[in-house]
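**Q** Pasting a structure here, questions to come.
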Amino acid sequence: MTDLFTDAHAQALDAADPLRDYRNAFHLPLHDGAPMAYFVGNSLGLQPKGARTHVEEVLDKWATEAVEGHFTGNAQWMTYHELVRDGLARTVGAQPAEVVAMNTLSANLHFLLVSFYRPTQERPVLLMEAGAFPSDRYALESQVRFHGFDPAEALVEVEPDGEDGTFSMACIERAIAEHGPRLATIVWPGVQYRTGQAFDLQAITRLGHAAGAVVGFDLAHAVGNLPVQLHDSGADFAVWCHYKYMNSGPGAVAGAFVHARHAHTDRPRFAGWWGNDPTVRFRMGPQFSPTPGADGWQLSNPPILGLAPLRASLDLFDRATLPALRAKSEALTGYLQQLIDADLGEVLQVITPREPLQRGCQLSIRVIGGRERGRALFDYLAARGVLGDWREPDVIRISPAPFYNTFVDVLRFARTVQEWRNGR
Ligand SMILES: *Cc1c(COP(=O)(O)O)cnc(C)c1O
């Protein structure tokens with residue numbers, strides 16, 4: 001135990017880290033003139049230094065070329081979203097035509113549900129997890145109402161069977177079996193935002209499909225955090241944002257996946273000109289003829305300034321590679337768990353599953369002793385440049401991100417908790 005808590009131990013882990021230099025590719029926020037221990041990449045990832053270059057390129061092009069910027073150079077705006085397509089496809093384990101960067105997360109959830117939630121009297125049910133991120137719940141409930149169904153009947157929220165809000169596969173399986181014949185669509189998280197639990201997308205998809213349901217995922221906390229294999233999972237659709245582990249800036253343009261089997265679907269959709277086949281788009285005719293694949297769900301010409309930072313982010317993911325990032329992530333989060341187990345067990349209780357396959361970067365940590373005590377610790381940490389985030393009533397989420405967090409950062413968290421405990 002004493003060894004785990006020494007500078008030498010954490011520094012040796014950092015020195016042996018093959019990804020250690022990527023920290024320099026990010027702007028680190030400061031506290032009292034020194035870098036914070038920033039553990040909030042699950043909420044807003046840090047700024048890659050390359051982001052400014054890409055944004056300035058767009059500003060310069062606009063200044064010097066104006067409308068011509070749509071048609072000139074490699075980064076022309078007409079096809080700008082295609083610049084991120086291959087990188088995105090690699091990041092989520094998809095074919096390039098299955099992914100598109102567009103809109104924002106909640107908007108994409110709605111637009112894809114328009115196509116993939118088609119309730120009937122026999123199969124009206126939209127199934128989700130209880131305790132979902134509020135925006136997802138609002139979106140799903142409003143979709144149910146939009147189709148004229150009563151959420152009390154048609155929105156099923158599966159209660160977790162684990163005491164801290166985690167789900168066993170058996171629990172998910174039972175819920176799908178129970179509602180099977182009435183299921184229209186399942187929407188499930190890749191990683192649950194509050195508990196940090198990661199789910200097996202392929203297993204859930206298989207169960208849902210066997211019951212005759214459409215299956216989609218919200219990957220807000222999964223993309224850039226864990227390697228996901230969307231194509232092989234068989235999921236029908238998925239949505240996610242790019243400002244969390246994808247480090248693309250506040251309100252960054254989001255992502256969407258539509259499985260190749262739906263590339264030429266005649267399901268209804270809400271259409272816009274940017275989803276129209278580009279070979280005929282500028283004939284400006286009255287007929288909508290969708291681009292095959294995920295691109296066909298685009299509405300508008302994209303916000304180029306909002307897309308630009310994603311290019312810098314994807315460059316970094318391509319260089320570092322997800323398997324290497326994941327290996328470091330498991331080590332960082334494992335170290336955090338070890339430190340808690342070794343000496344902080346009477347202060348902190350980890351509610352995220354211990355099994356690495358069931359979690360990403362984040363540990364959701366309950367402060368033992370109730371809300372006041374939890375809040376006091378959270379404030380103590382923040383005042384010393386150790387930033388996590390707070391979830392009512394008593395949970396601190398700590399997400400060591402392998403791109404820019406260090407083992408020394410993790411030690412700093414644990415030491416600051418010790419200091420707080422010892423001072424009480
Ligand atoms: C972060 C997050 C959101 C936020 O939605 P926006 O449309 O990007 O504001 C929604 N759902 C989940 C699960 C999230 O984690």
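**Q** Quick check on my filter: what residues within region 223-232 are under 16 Å from residue 95 (Cα atoms) and either surrounded by fewer than 24 Cβ atoms within 10 Å (Cβ to Cβ) or within 12 Å of the ligand (Cβ to nearest atom) (or both)? First the steps, then the outcome.
**A** Start the filter on region 223-232 by keeping residues that are under 16 Å from residue 95 (Cα atoms), which leaves 223, 227-232.
Scanning region 223-232 gives 223, 227, 229, 231, 232.
**Q** Could you give every pair whose Cβ atoms fall below 9 Å, whose first residue belongs to region 120-141 and is within 15 Å of residue 215 (Cα to Cα) and away from the ligand (no atom under 16 Å from the Cβ), and whose second residue is in a helix (DSSP H, G or I) and not aliphatic (A, V, I, L, M), counting only separations of at least 6 or pairs across chains?
**A** 123/181; 123/182; 124/153; 124/182; 125/153; 125/179; 125/182
**Q** From 255, 224, 272, 251, grab the single residue that is over 19 Å from the mean Cα position of the chain (by Cα) and not charged (D, E, K, R).
**A** After ruling out the rest, the residue left standing is 272.
**Q** Could you list, in sequence order, the residues of region 382-408 that are within 25 Å of the chain's Cα centre (by Cα), in contact (Cβ under 8 Å) with a residue 24 or more places away in the chain and farther than 17 Å from residue 23 by Cβ?
**A** Listed by number, the residues that qualify are 388, 389, 391, 394, 395, 396, 397, 398.
**Q** Would you point out the residue of region 173-207, among those that are in contact (Cβ under 8 Å) with a residue 40 or more places away in the chain and part of a helix (DSSP H, G or I), that is farthest from residue 395 (Cα to Cα)?
**A** Across region 173-207, the extreme among qualifying residues is 181.
**Q** Write out, first by first residue and then by second, each pair whose Cβ atoms fall under 9 Å of each other, whose residues are 6+ apart or on separate chains, and whose first residue, in region 95-106, is closer than 16 Å to residue 308 by Cβ while the second is of a type in the set (S, T, N, Q) and part of a helix (DSSP H, G or I).
**A** Pairs that qualify, where the first residue is closer than 16 Å to residue 308 by Cβ and the partner is of a type in the set (S, T, N, Q) and part of a helix (DSSP H, G or I), are 102/108.
**Q** Is it the case that region 143-159 has a residue that's closer than 30 Å to residue 350 by Cβ, surrounded by 14 or more Cβ atoms within 10 Å (Cβ to Cβ) and among the polar types (S, T, N, Q)? Step through it out loud before you land on a result.
**A** Narrowing region 143-159 to residues closer than 30 Å to residue 350 by Cβ: 156-159.
Within this subset, residues satisfying the condition of being surrounded by 14 or more Cβ atoms within 10 Å (Cβ to Cβ) are 156-158.
From what's left, among the polar types (S, T, N, Q): none.
No, the conditions are met nowhere in region 143-159.
**Q** Within region 142-159, how many residues turn out to be farther than 26 Å from residue 298 by Cβ and within 15 Å of the ligand (Cβ to nearest atom)?
**A** Number satisfying all stated conditions: 1.
**Q** Give just the number: which of (1) closer than 21 Å to residue 6 by Cα; (2) within 26 Å of the chain's Cα centre (by Cα) does residue 361 not satisfy?
**A** The failed condition is (1).
**Q** For residue 275, indicate whether it is within 30 Å of residue 51 (Cβ to Cβ), surrounded by 23 or more Cβ atoms within 10 Å (Cβ to Cβ) and not aliphatic (A, V, I, L, M).
**A** yes
**Q** Just one of 339, 332, 325, 344 is under 25 Å from residue 358 (Cα atoms), modelled with pLDDT of 95 or more and touching a Lys or Arg at 6+ places or on another chain (Cβ under 8 Å); which is it?
**A** Only one candidate passes the filter, namely 344.
**Q** Just to check your reading of the model, which residue among 252, 220, 256, 238 is crowded, with 24+ Cβ neighbours inside 10 Å, more than 20 Å from residue 362 (Cβ to Cβ) and within 16 Å of the ligand (Cβ to nearest atom)? Before you say what the answer is, go through the steps one by one.
**A** Working: 252 fails: more than 20 Å from residue 362 (Cβ to Cβ); 220 fails: more than 20 Å from residue 362 (Cβ to Cβ); 238 fails: more than 20 Å from residue 362 (Cβ to Cβ).
Only one candidate passes the filter, namely 256.
**Q** Looking at the structure I just gave you, is residue 137 in contact with a helix residue (DSSP H, G or I) (Cβ under 6 Å, 6 or more places away or on another chain) and basic (Lys, Arg)? Break it down stepwise before answering.
**A** Values: in contact with a helix residue (DSSP H, G or I) (Cβ under 6 Å, 6 or more places away or on another chain): no; basic (Lys, Arg): yes.
So residue 137 does not fit the description; no.
**Q** Looking at residue 83 and the list (1) away from the ligand (no atom under 16 Å from the Cβ); (2) aliphatic (A, V, I, L, M); (3) farther than 18 Å from residue 309 by Cβ, which single condition is not satisfied?
**A** (3) is the only condition that residue 83 fails.
**Q** If you don't mind, there's one more thing I want to ask. Quick one: count up the residues across region 97-115 that are part of a helix (DSSP H, G or I), away from the ligand (no atom under 16 Å from the Cβ) and crowded, with 23+ Cβ neighbours inside 10 Å.
**A** Counting residues in region 97-115 that are part of a helix (DSSP H, G or I), away from the ligand (no atom under 16 Å from the Cβ) and crowded, with 23+ Cβ neighbours inside 10 Å gives 1.
**Q** Given the structure, is residue 125 among the β-branched types (Val, Ile, Thr) and under 28 Å from residue 295 (Cβ atoms)? Walk me through how you get there before you give the answer.
**A** Numbers: among the β-branched types (Val, Ile, Thr): yes; under 28 Å from residue 295 (Cβ atoms): no.
No, not satisfied.
**Q** What tally of residues in region 284-324 results from selecting those that are assigned to a loop (DSSP other than H, G, I, E, B) and within 25 Å of residue 62 (Cα to Cα)?
**A** Going through region 284-324 one residue at a time, the tally reaches 7.
**Q** So, one more: All but one of (1) outside any loop (DSSP other than H, G, I, E, B); (2) crowded, with 22+ Cβ neighbours inside 10 Å hold for residue 375; which doesn't?
**A** (2)
**Q** Which condition number does residue 305 fail, the rest of (1) crowded, with 21+ Cβ neighbours inside 10 Å; (2) more than 14 Å from the chain's Cα centre (by Cα); (3) aliphatic (A, V, I, L, M) being met?
**A** If we test residue 305 against (1) crowded, with 21+ Cβ neighbours inside 10 Å; (2) more than 14 Å from the chain's Cα centre (by Cα); (3) aliphatic (A, V, I, L, M), just (1) comes out false.
**Q** Looking at region 149-168, is at least one residue under 26 Å from residue 293 (Cα atoms) and part of a helix (DSSP H, G or I)?
**A** Checked against the condition, which is being under 26 Å from residue 293 (Cα atoms) and part of a helix (DSSP H, G or I), region 149-168 yields no hits at all.
**Q** Among 92, 55, which is within 16 Å of the ligand (Cβ to nearest atom) and among the β-branched types (Val, Ile, Thr)?
**A** Numbers: 55 fails: within 16 Å of the ligand (Cβ to nearest atom).
Criteria check complete, one pass: 92.
The values are calculated or read from the model by the stated rules, or taken from the named source; none is laboratory data. On a predicted model such as this, the values are computed, not experimentally measured, just so you know. Ideal geometry is used to build each Cβ from the backbone, glycine not excepted, and the neighbour counts take in all protein chains shown.
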